[in-house]
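As structure tokens, the structure follows; a few thoughts come after it.
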Amino acid sequence: MEGQRWLPLEANPEVTNQFLKQLGLHPNWQFVDVYGMDPELLSMVPRPVCAVLLLFPITEKYEVFRTEEEEKIKSQGQDVTSSVYFMKQTISNACGTIGLIHAIANNKDKMHFESGSTLKKFLEESVSMSPEERARYLENYDAIRVTHETSAHEGQTESSSPSSSQPHSSHCRTKASSLCHHASLPWVKRNHVGPAKATSPSLRLRRWRPFLRLPSMGLHSVAPSIDEKVDLHFIALVHVDGHLYELDGRKPFPINHGETSDETLLEDAIEVCKKFMERDPDELRFNAIALSAA
């Protein structure tokens with residue numbers, strides 16, 4: 001039997017911030033765009049930063065690396081503090097929500113929650129669960145599912161003619177035990193800052209947003225179809241107990257990327273993002289947003 005599938009969530013600070021607000025998070029921390037990797041562009045990100053979400057394409061090169069990385073860690077081991085909150089992903093297209101949960105759960109002491117917060121309740125109830133149990137718990141947590149779907153519908157989209165030659169991709173689609181399929185949904189880019197080359201360390205990140213074909217004279221954007229096959233994926237990069245962790249529900253465990261601090265988290269996380277981009281130098285479909293103090 002095929003597992004659950006949610007609507008894809010857009011890598012857009014306006015969408016993610018509204019989503020978290022609806023889940024009962026006080027806006028003392030807000031997601032903002034990361035426009036590039038240069039120190040000048042990173043200086044535009046408000047500090048402090050407590051998490052970074054990376055949206056990236058799942059390609060054959062990445063899947064080969066992911067398998068090799070998993071085998072290496074299983075063979076050599078790694079140190080992962082028990083303080084890390086990590087959950088698996090079993091719901092297709094839920095990687096955006098799981099990335100947000102990872103970002104907030106591992107910074108819970110910094111967050112202010114409204115009375116009756118759905119997210120706070122979920123985190124408190126799942127704190128003693130295993131990563132697999134948290135995944136199953138989310139499958140049946142209707143309050144978060146409904147809020148996710150509302151936010152996915154509200155994501156900004158743009159229309160284009162059927163003959164558009166723009167690159168093809170989409171938000172996120174993944175299952176815990178299978179590879180993502182290549183996407184068929186066309187995209188356009190927005191908020192592009194300057195020229196970009198995937199092999200350049202000073203690469204400007206681009207925000208990619210989907211468009212769907214609309215009826216002639218249509219004035220309203222539409223959310224992506226729940227059945228769209230997509231190949232982009234969210235991960236979270238967080239600081240826990242002095243180390244930088246990559247949290248990806250498709251992987252069996254967190255990935256320890258070495259030492260970091262509250263002061264250097266953004267720069268250290270961007271170094272990890274660079275490695276993702278260097279593995280696929282022909283790809284341009286990368287986007288990062290940072291959770292910053294408002």
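How many residues are open to solvent by 50 Å² or more (accessible area, probe 1.4 Å) and in a loop (DSSP other than H, G, I, E, B) when one looks only at the stretch 253-288?
Residues flagged as open to solvent by 50 Å² or more (accessible area, probe 1.4 Å) and in a loop (DSSP other than H, G, I, E, B) within the stretch 253-288 amount to 5.
Report every pair of residues separated by at least 6 positions or lying on different chains whose Cβ atoms are under 6 Å apart, first residue within the stretch 41-55 and touching a residue at least 12 places away in the same chain (Cβ under 8 Å), second hydroxyl-bearing (Ser, Thr, Tyr) and open to solvent by 10 Å² or more (accessible area, probe 1.4 Å).
Close Cβ pairs satisfying both conditions: LEU41/TYR35.
Return yes or no: is SER82 surrounded by fewer than 11 Cβ atoms within 10 Å (Cβ to Cβ) and either over 21 Å from VAL238 (Cβ atoms) or of a type outside the set (S, T, N, Q) (or both)?
Considered against the rule, which asks whether it is surrounded by fewer than 11 Cβ atoms within 10 Å (Cβ to Cβ) and either over 21 Å from VAL238 (Cβ atoms) or of a type outside the set (S, T, N, Q) (or both), SER82 comes out as no.
Have a look at ASP227, ASP241 and point out the one that is open to solvent by 60 Å² or more (accessible area, probe 1.4 Å), over 21 Å from PHE31 (Cβ atoms), modelled with pLDDT of 95 or more and not small (Gly, Ala, Ser).
Criteria check complete, one pass: ASP241.
How do the pairs read when you match residues in the stretch 256-283 that are of a type in the set (A, V, I, L, M) with residues anywhere that are at pLDDT 95 or above and open to solvent by 10 Å² or more (accessible area, probe 1.4 Å), using Cβ under 6 Å and keeping only pairs 6 or more apart or on different chains?
So the pair list comes out as LEU265/HIS239; VAL272/HIS257.
Testing ILE104 on (1) within 26 Å of TYR141 (Cα to Cα); (2) in contact with a Gly (Cβ under 9 Å, 6 or more places away or on another chain); (3) open to solvent by less than 20 Å² (accessible area, probe 1.4 Å); (4) not aromatic (Phe, Trp, Tyr), one condition comes back false. Which one is that?
(2)
Go through (1) out of contact with any strand residue (DSSP E or B) (no Cβ under 7 Å at 6 or more places or on another chain); (2) small (Gly, Ala, Ser); (3) within 29 Å of THR147 (Cβ to Cβ) and name the single condition SER43 misses.
Among (1) out of contact with any strand residue (DSSP E or B) (no Cβ under 7 Å at 6 or more places or on another chain); (2) small (Gly, Ala, Ser); (3) within 29 Å of THR147 (Cβ to Cβ), SER43 violates only (3).
So which helices (runs of 4 or more DSSP H) stay within the stretch 74-163 end to end and still have 3 or more residues that are modelled with pLDDT of 95 or more?
95-105, 118-126, 131-139
Mind checking which pairs have a first residue in the stretch 76-105 that is of a type in the set (Lys, Arg) and a second that is buried (at least 23 other Cβ atoms within 10 Å of the Cβ), Cβ under 9 Å, 6 or more apart or different chains?
Filtered contacts from the stretch 76-105: LYS88/ILE98; LYS88/ARG134; LYS88/GLY249.
Across the stretch 31-57, what is the total count of residues that are under 16 Å from the mean Cα position of the chain (by Cα) and open to solvent by 10 Å² or more (accessible area, probe 1.4 Å)? Even if it seems obvious, please write down each step before you answer.
Initially, the stretch 31-57 is screened for residues under 16 Å from the mean Cα position of the chain (by Cα), giving 31-35, 49-57.
This time we only want the ones that are open to solvent by 10 Å² or more (accessible area, probe 1.4 Å), so: 32-33, 35.
Selection size over the stretch 31-57: 3.
The values are calculated or read from the model by the stated rules, or taken from the named source; none is laboratory data. Worth saying up front: this structure is predicted, and the values here are computed from it rather than measured. All Cβ positions, even for glycine, are placed from backbone atoms using ideal geometry, and neighbour counts span all protein chains on display. In case anyone asks, the SASA skips ligands and DNA or RNA and just uses the protein heavy atoms, side chains included. Shrake-Rupley method; radii C 1.70, N 1.55, O 1.52, S 1.80 Å.
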